[in-house]
Each structure stands twice: as structure tokens, then as C-alpha cells.
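First comes the structure, then the notes that go with it.
The values are calculated or read from the model by the stated rules, or taken from the named source; none is laboratory data. Bear in mind the structure is a predicted one, so any value in this text is a computation, not a measurement. With ideal geometry, Cβ positions are generated from the backbone for all residues, glycine too; neighbour counts draw on all protein chains shown. Side chains are part of the model used for accessible areas, which takes the heavy atoms of the whole protein and leaves out ligands, DNA and RNA. Shrake-Rupley method; radii C 1.70, N 1.55, O 1.52, S 1.80 Å.
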Amino acid sequence: MSRPRSPGTGWIRGAGVGLLLVSAVPGAAWPQVQSPEALRTMEEAARQYREVHSLCADFEQVIQVRLLGRTVESAGRVCQRRPNLFSMRFTDPEGDLVVSDGEHFWVYYPSLNEDQVMRYAAALSPGRYDFFREFLEDPGVKYGARSEGMEPVGDRECRIVTLTPLGPAAYRRAKLWIDSEAFLIRQLEVHQENGTVRTLTLSNLDLSPSLGDDTFTFEAPEGARVVTPPVGAGG
């Protein structure tokens, strides 16, 4: 059975199916019980992240759009090279992508509109699309962390950590499944203010991938209109 075609397989969509909204929402209150164990888990995951120069993983994504009563599935491969190169290329829907070349984030969804490319200044939103940076830089500063026990993801036992923003943020809360041995993100679940829930599951993680420069480059197709929204505008 084929997956439902999605009007929003990237991180941000105006219909409310994006992971990280452009406009920040007020941060939630500090969790009643802040877990030292959860903070240690996040700090160790952050340390591991700092030591990894590049990585790639296959992903499967499920978006529950509660306002529309719809579930959308997609898949592809995500890669990152520190400090600021990022690539999320979809195989389903084939051709959709989000790419950071270090200067701009390029967002292109030909499954929705093959004639339009969105371009954002990377420096103004370093964690906007790159969830590795969003959740693994400055743990304990951007959010409060709370332990939620253990649970396997595939064949890997993971520590579950719930994150609550301490200030303006693009999500209401997030849940991360952190590999209990390798301290890598195996799964994440992001809850938006509008009720949309996005779950991203990673597999086949490669911490020393062979990546050409073309992984992190993008050229708008001939005839496509490149749109650069003003700072703070929706995308």
C-alpha cells in the first residue's frame, strides 16, 4: 500500500505539519521534577554529537495532523557534517528535500510545488531544520529534561527523555529516545502547539560516511521561483 502523499514532508509547512514552526511560541513552565539523570543523558549525547564530524541515517517519518484527522508517512536519508551542513533527502515522496550549504537552508517540495523553492538564511535559524543541533546543543540551557524510563527502538535499548522549552521555542515539548550505550538519537517525537505530532525514527546510523560536497549543495531547477521570506515570516 502506498503512503499518503503529503503536502508537508519537510520541517515547516503552513498547513501545520512542520516540525519546527517559524514563529516562536512561549516556553512552557519548568517541569515540576527536573531529572538529573535526564540531564546527564542529554549531556552525554551532546558530547557524543560534538565528537562526531559527520553522520548519516535512514529515516522513517510519521506526521499526525490532528486538525485534519490525517496521518502522513514518508522516508529518506538524513546527513549532517559539522558545524552547519545538513541534508534531508526524501525517497518518499521522491525528490523532496531540505539542504543547508552553510549559508542557506534550501527547502524544495516538488511533490507539492515543483515551481517554488524556499530559501532561508542559515545563520538566523541554526536549529530550525537541523534537529541534531536543535536538541543536542546546549543541553539544560534551552529546555528542562525529564526521564521517562527505558524502551527499545528496533534492537537498541534507549533512554527516553522529555524536553520542555524554557523560553520561546518552536514546539511545546519533545521526546527523545537516546541509545543507552552509544548515546545517539534513535527516535524523536515533537509536539506542536496545534496538536500536530511528528515522529522520526532513525536506522542504519553511519558515523563515518563518505560524503561528497554534492550532498550539501542544491541548485534550484531551471524555471523554479526562489522565495526568500522576510525574517520571522512563515515558510
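Condition first: open to solvent by less than 80 Å² (accessible area, probe 1.4 Å) and at pLDDT 95 or above. Now tell me which residues in the range 75-85 satisfy that. The answer is ALA75, GLY76, VAL78, CYS79. Only one entry of GLU148, GLU181, GLU134, GLU193 meets the criterion of being of a type in the set (Asp, Glu), surrounded by fewer than 16 Cβ atoms within 10 Å (Cβ to Cβ), in contact (Cβ under 8 Å) with a residue 24 or more places away in the chain and not in a loop (DSSP other than H, G, I, E, B), and that entry is GLU148.
Per the conditions (1) at pLDDT below 90; (2) assigned to a loop (DSSP other than H, G, I, E, B), the sole criterion not satisfied by LEU112 is (1). The C-beta contact set for the range 196-225 (first residue closer than 24 Å to ARG81 by Cβ, second residue open to solvent by 50 Å² or more (accessible area, probe 1.4 Å) and among the polar types (S, T, N, Q), distance under 9 angstrom, 6+ apart or interchain) comprises ARG198/GLN64. Among the residues making up the range 222-233, those that are part of a loop (DSSP other than H, G, I, E, B) and either over 29 Å from LEU55 (Cα atoms) or modelled with pLDDT of 95 or more (or both) are GLU222, GLY223, ALA224, PRO229, PRO230, VAL231, GLY232, ALA233. Residues in the range 151-178 that are surrounded by fewer than 22 Cβ atoms within 10 Å (Cβ to Cβ) and part of a loop (DSSP other than H, G, I, E, B): GLY154, ASP155, LEU166, GLY167, PRO168, ARG172.
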